[in-house]
Structure formats: C-alpha cells, structure tokens
Amino acid sequence: RQAELGQWMIRSTDGGITWSERYPTIVNSPHGPVQLRDGRQIYAGKELWTGGKRNGVCESTDDGKTWHWLTELPVRKGDKASEYHELHAVEAENGKIILHIRNHNQPNAGETLQTESTDGGKTWTEPHPIGVWGLPSHLLRLTDGRLLMTYGHRRAPLGNQARISTDHGTTWSEPMVISGD
C-alpha cells in the first residue's frame, strides 16, 4: 500500500490511444497541468505524499516528461497552507496567470481564493477571495480570450456553475447554472 502513495502522471503521445507507465511528479491536483504560450507547462498543486506538503507551482520544459519545483505559493495572512487544496491555473490572453485555490481556512471556508502571477509563475500575489462559493475551480481560456471558470456550487441550490471573466481574471461574471438542485 505504501508503494501506491504518491503523485503520479501518465502521458500519451498518440492522442490517447496508448498511455505510458505512471511516473512521479511533484504535486497533485485534480485538473492537472496547463501549457503556457512560451511552451512550458506549469502544474499548480499540493505535495500530498512527499516533501513538506507545500502548495506551489512546478514546471516542465520537456512536455511533461520531467518536472521541477518553480515556487511555493504565498499564504493569506491568518491562513494555514495545509488548508489550501485542488489548485488550478490558466494563462490569460495578456500573459497573466490566474490560479484558483480550494480554501478551507476561516474566514471564507468553501470560497475560492485567487492569486495571480505576472512573471511566468515565479512570484504570486497573496491569495484573495473572489466571491465564489464553489470548488474546485477548473479554468480555461476560450478562443476569444475570455476566461471560463467552472466549479461545484457548495451552497443551496447545490449544483455546478460557470462564470466568465472578460478582463483577464480581474472580475468574474454572475453565475450561470449548468446543473442545480
């Protein structure tokens, strides 16, 4: 059982027909890494089974074959990093990287926190609430440059919702219900 604990990744080089054996990575998060315009991949997540259980960002410059630690994320004043989970990032059209955090700290337990990087993921702003009570976020840049955020809504009415940002993640639209109670 101990041998199965860890943070793993598998790869396909033929469009998902075949897959590699699993290989270790540094962090874990349900939505996985994202590709940046400069060709790097970044993986925002948590060290679950190895190391110091840090929350941070790793990068790969060889299409995800190997990963190295890029930076640890800052923690909001009064928070415990151990209460941050299920991170996901996206690069906005203007190059800013937006990262969402599943927060279980008080205040705002259950509210998504957001942090931003303007230097390719090397440094990040202090996480801050964005008024979205749902988690975990999945982020995607649409072909027209808008950002799409989807998440499980964890207050009544329960369900799944989406929001759009037209200003590179500075603000988010009112929720759109995908499915509800």
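The values are calculated or read from the model by the stated rules, or taken from the named source; none is laboratory data. If you're wondering where the values come from, they're calculated on a predicted model, not measured in any experiment. Reconstructed Cβ throughout: ideal geometry from the backbone, glycine too, with neighbour counts over all protein chains shown. What goes into the accessible areas is simple: the full protein's heavy atoms, side chains included, and nothing from ligands, DNA or RNA. Shrake-Rupley method; radii C 1.70, N 1.55, O 1.52, S 1.80 Å.
Under 13 Å from the Cα of Lys96, which aspartates and glutamates turn up, not counting those fewer than eight places away in the same chain?
Within the straight-line cut-off, Lys96 pairs with Asp38, Glu116, Asp119, Asp167.
Specify the residue with the greatest mean-square fluctuation among Trp67, Trp49, Trp124, computed from a Gaussian network of the chain linking alpha-carbon atoms under 10 Å apart.
Result for the chain, Cα springs under 10 Å: Trp49 fluctuates most.
Would you work out which of Val177, His68, Gly6 lies farthest towards the positive end of the dipole of the chain, given +1 charges on the beta-carbon of Lys and Arg and -1 on that of Asp and Glu, about the Cα centre?
Ranked along the dipole, the leading option is Gly6.
In angstroms, what radius of gyration and Dmax does the range 14-105 have, counting Cα atoms only?
Every Cα atom of the range 14-105 included, Rg and Dmax give 13.9, 47 Å.
Cα extents of the range 106-162 along the three principal axes, largest first, in whole Å?
Cα spread of the range 106-162 along its principal axes, largest to smallest: 38, 33, 13 Å.
Accessible area per residue for the chain in Å², computed with a 1.4 Å probe and the full protein assembly in place, what is it?
For the chain, the per-residue accessible area is 52 Å².
Any chance you could run the full-extension gain for Ile178 through Ala156? It's 0.36 nm times the residue separation minus the Cα-Cα distance, nm to one decimal. Please report the intermediate quantities before stating the final value.
Numbers: separation 22, 0.36 × 22 = 7.92 nm, distance 1.41 nm.
Going from the current span to full extension adds 6.5 nm.
So which lysines pass the test for Lys65, namely a Cα distance under 24 Å, with those fewer than 8 places away in the same chain ruled out?
Here the lysines satisfying the reach criterion relative to Lys65 are Lys46, Lys53, Lys122.
Test of the criteria: in the range 50-84, which trypsin sites (Lys or Arg not before Pro) are in a DSSP loop and have at most 12 other Cβ atoms within 10 angstrom of their Cβ?
Lys53, Lys65, Lys77, Lys80
From zero outward in steps of 5 Å, how is the percent of C-alpha pairs of the chain spread across the bins?
Pairs per bin, as whole percents: 1, 8, 16, 20, 20, 16, 11, 5, 1, 0.
Would you tell me the accessible area of His104, worked out with a 1.4 angstrom probe on the heavy atoms of the protein chains, in Å² to the nearest 10?
About 70 Å², ignoring ligands and nucleic acids.
Rounded to the nearest Å, what's the spacing between the alpha carbon centres of the range 1-23 and the range 46-61? Just the number, please.
Between the Cα centres of the range 1-23 and the range 46-61 lies a distance of 17 Å.
Could you tell me what percent of the accessible area of the chain is made up of carbon and sulfur, with a 1.4 Å probe and every protein chain present? Before the final figure, lay out the partial values.
Values: 4910 of 9430 Å².
Carbon with sulfur: 52 percent of the solvent-accessible area.
Go through the range 1-46 and name the trypsin sites (Lys or Arg not before Pro) that are in a DSSP coil and have 15 or fewer other Cβ atoms within 10 Å of their Cβ. Can you show the working numbers first?
Values: sites: Arg1, Arg11, Arg22, Arg37, Arg40, Lys46; in loops: Arg1, Arg11, Arg22, Arg37, Arg40.
The qualifying sites are Arg1, Arg11, Arg22, Arg37.
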